[in-house]
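Only one structure is covered here, and it is reproduced in the block below.
Each value in this text was obtained by applying a stated rule to the coordinates, not by laboratory testing. Please read these numbers as outputs of a predicted model, since none were measured by experiment. Every residue, glycine as well, gets a Cβ built from its backbone with ideal geometry; the counts of neighbours run over all protein chains shown.
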Amino acid sequence: MTVLYIIIVSIGIIGFLALIVYFDKVKCPKCGKRNCQEISRIKTESQEISISKKEKIKHYGKDQIIYGHVKPHHEYRPENVTIREYTVPGIRIFYNANYFCKVCGETFSVSVYEDKEK
Ligand SMILES: [Zn+2]
């Protein structure tokens, strides 16, 4: 019963991720299929941006002394975990990308961008 539930949930998650990947792909303007391949890209412009990042911070208590018999991993378990959000300087590069549709053979160009950390 529980195993079946885990399997169903896993399939659901995988399907959801596959859907995200699918809709993130470039769509062919002629046939509407998302089965296109990038042939080339030309850099058009770049822009200064800030990229937001997240970092986990583990807080350990002041009393690190272990009394008596304790499981080894217990010593390293943090009391509290917080998430710190911060930004790093980055660059957004715009491209004029040429695509080829694997379904109908149409070639077209779209504007795409890529974010990079400095
Ligand atoms: Zn097409």
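Worth a mention:
- Residues (away from the ligand (no atom under 16 Å from the Cβ) and closer than 20 Å to Cys36 by Cβ) located in segment 83-109: Phe94, Tyr95, Asn96
- Residue that is farthest from the ligand (Cβ to nearest atom) [pool: residues in segment 22-46 that are without any contact (Cβ under 8 Å) to a residue 40 or more places away in the chain, surrounded by 10 or more Cβ atoms within 10 Å (Cβ to Cβ) and not basic (Lys, Arg)]: Tyr22
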